[in-house]
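Enquirer: Take this structure first; my questions come after.
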Amino acid sequence: MNIIAVDIGNTNITIGLFVGDEEQFVKSIPGQADSKLTECLKSAWGKIPIAESSKEKKRDGVIVVSSVKPAWTRKVQRNVKEELGEKVYIIGENIPLPMDLAVDEPGEVGTDRVVSAAAAYAVVEDAVVVADFGTAVTIDLVDEKGVFLGGTIFPGFEISAEALKKNAVQLPMVKVSRPKGPYGKNTAEAISCGLYYSAVSTLQEVIRRYAEKIGRWPQTVLTGAAAELIKDDCDFIDSYVPNLVIKGIVLAYRKYIEEKE
């Protein structure tokens, strides 16, 4: 199975190429970098083999999208149609969600959260928490039967830093980094420490409360662009999996195909 998986986030668009079920590459591109997006999509599509039965030399692959930003979804659709002459399959529209959701408004849950949760559960096959540190941070819980129960959402590092800068005029804008110690020696370091340790402690506290709810400590998977920054201080995390959304997109499409057969 040959798939180009596209994760459209709030800040970046990540593209993963899988040929014959083997990952070839995963690349993250700023969402506003249209020329780089076109280049990456064309490069990925060019690596997909021609279908043996195609007289028109059509490539034997699909482009599957999970998106939290409709405007960028439309951009990718236009790009794929104009540059490749193909269509995209959108999870939650053309492709059903890969797991059941026990939430009040299933249509309001970002498909990135659902496919990540499904990918984690497919490996763990038990209750699992997925913590995704991106523009926003989501910490979601799946039960032992593979049902998405819901989660928590709070601002990511950049949003939090911007909020401090905007609402406290004497505070500088900072880029959060792993602290050298438990407190900062200057204002910028103090902000970085505050945001960093707040994120780590919030993650641990949320997981603890989930554990109380289900009666045991669940397996926990950490992912997202900012996850690598904090993972070494999260000894309560079981695994760190970059690009879990991309893996979940592939899983969702495979499940869809298998259930059609």
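Every read-out reported here was derived from the displayed coordinates using simple, explicitly stated rules and does not represent laboratory data. In this text the structure is predicted, and so the values were computed from the model without any measurement. Reconstructed Cβ throughout: ideal geometry from the backbone, glycine too, with neighbour counts over all protein chains shown.
Enquirer: Using a simple charge model, +1 on the beta-carbon of Lys and Arg, -1 on the beta-carbon of Asp and Glu, nothing else, what dipole does the chain show about its Cα centre, in debye to the nearest 20? Don't jump to the answer; show the numbers that get you there.
Expert: Values: 31 positive and 37 negative charges, 190 e Å.
That gives a dipole near 920 debye.
Enquirer: Let me ask something else about it. Please report the net charge: other residues with Cβ closer than 11 Å to the Cβ of Gly156, K and R +1, D and E -1.
Expert: -3
Enquirer: May I ask you to order 161-168, 114-121 by the average number of other C-beta atoms within 10 Å around their residues, highest value first? Intermediate results must be reported in sequence, preceding the final value.
Expert: Values: 161-168: 13.0, 114-121: 27.6.
Ranked from most to least packed, the peptides come out as 114-121, 161-168.
Enquirer: Hey, fewest Cβ within 10 Å first, where do Lys185, Lys47, Lys231 land in order?
Expert: By the 10 Å Cβ count, ascending, the order reads Lys185, Lys47, Lys231.
Enquirer: Same structure, new question: Given only helices, namely DSSP H runs of n ≥ 4 each adding -39500 (n - 2.57), what is the per-residue ellipticity at 222 nm of the chain, to the nearest 500 deg cm²/dmol?
Expert: Working: 7 runs with 102 residues, N = 261.
After summing the helix terms and dividing by residue count, I get -12500 deg cm²/dmol.
Enquirer: If I take R0 = 51 Å and measure r between the Cβ atoms of Ser54 and Asp104 in this structure, what FRET efficiency does the formula 1/(1 + (r/R0)^6) give, to the nearest 0.05?
Expert: For Ser54 and Asp104, the calculated efficiency is 0.65.
Enquirer: Dipole of segment 157-200, Cα-centred, from +1 at each Lys and Arg C-beta and -1 at each Asp and Glu C-beta, to the nearest 20 debye?
Expert: Values: 6 positive and 3 negative charges, 24 e Å.
The calculated dipole for segment 157-200 is roughly 120 debye.
Enquirer: What's the angle, to the nearest 10 degrees (0 to 90), between helix 157-167's Cα axis and the longest principal axis of the chain?
Expert: 50
Enquirer: I'd like to compare 89-97, 50-58: which one has the highest average count of other Cβ atoms within 10 Å, and what's the full order after that?
Expert: Per-residue mean Cβ counts within 10 Å order the peptides as 89-97, 50-58.
Enquirer: Here's another thing I want to ask about it. Regarding segment 100-216, what are the three Cα extents along the principal axes, ordered largest first, in Å?
Expert: Projected onto the principal axes, the Cα atoms of segment 100-216 cover 49, 29, 22 Å.
Enquirer: Right, something else. As I understand it, the dipole of the chain uses +1 on the Cβ of Lys and Arg and -1 on the Cβ of Asp and Glu, about the Cα centre. Which of Ala136, Leu101, Gly146 lies farthest toward its positive end?
Expert: The Cα lying farthest towards the positive end belongs to Ala136.
Enquirer: Straight-line reach from Lys255: which aspartates and glutamates have Cα under 17 Å away, leaving out those fewer than 8 places along the same chain?
Expert: Excluding near neighbours in sequence, the set is Asp21, Glu22, Glu93, Asp100, Asp112, Glu125.
Enquirer: Under 5 Å between amide hydrogens, which residues at least 5 positions from Asp100 or on another chain qualify, with H placed 1.01 Å from N in the peptide plane?
Expert: Distant-sequence amide H within range of Asp100: Phe148.
Enquirer: Further question on the same structure: Measure nothing but the geometry: give the 0 to 90° angle between the long axis through the Cα atoms of 70-84 and the longest principal axis through the Cα atoms of the chain, rounded to 10°.
Expert: It is inclined by approximately 30 degrees.
Enquirer: Using Cβ counts within 10 Å as a stand-in for footprinting exposure, how do Leu17, Leu149 rank, fewest first?
Expert: Fewest to most other Cβ atoms nearby, the residues stand as Leu149, Leu17.
Enquirer: Over 30 Å, how big is the tail of the calculated P(r) for the chain, in percent of all Cα pairs?
Expert: Numbers: 11292 of 33930 pairs.
Above the 30 Å cut-off, the chain has 33 percent of its Cα pairs.
Enquirer: Residue by residue, what Karplus-based ³J(HN,Hα) values in Hz, rounded to whole numbers, does segment 90-101 have, using 6.51, -1.76 and 1.60 with θ = phi - 60° and x for Gly and Pro?
Expert: These are the phi-based 3J(HN,Hα) values: 10, 5, x, 10, 7, 10, x, 4, x, 8, 6, 10 Hz.
Enquirer: If you don't mind, another one. Which lysines, on any chain, are close to Lys231 with Cα under 29 Å apart, when same-chain ones fewer than 8 places away are left out?
Expert: Leaving aside lysines fewer than 8 places away in the same chain, those within reach of Lys231 are Lys27, Lys69, Lys145, Lys165, Lys166, Lys175, Lys180, Lys185, Lys213, Lys247.
Enquirer: Work out the charge dipole of segment 160-261 with +1 on the Cβ of Lys and Arg and -1 on the Cβ of Asp and Glu about the Cα centre, then indicate which of Gln170, Gly215, Leu203 is farthest towards its positive end.
Expert: Gln170
Enquirer: Something else: Around Tyr240, which amide H atoms from residues at least 5 apart in sequence, or from another chain, sit under 5 Å from its own amide H, with H modelled in the peptide plane?
Expert: Residues meeting the criterion, in which the H sits 1.01 Å from N, are Leu222.
Enquirer: Looking only at the chain, where both bridge partners belong to it, what percent of the DSSP beta bridges are antiparallel (to the nearest 5)?
Expert: Percentage antiparallel, nearest 5: 60.
Enquirer: Using amide H atoms built 1.01 Å from N in the peptide plane, name the residues 5+ places from Ile95, or on other chains, whose amide H lies under 5 Å from its own.
Expert: Ile90
Enquirer: Could you give the angle, 0 to 90 degrees to the nearest 10, between helix 111-124's Cα long axis and the longest principal axis of the Cα atoms of the chain?
Expert: Its long axis makes an angle of about 90 degrees.
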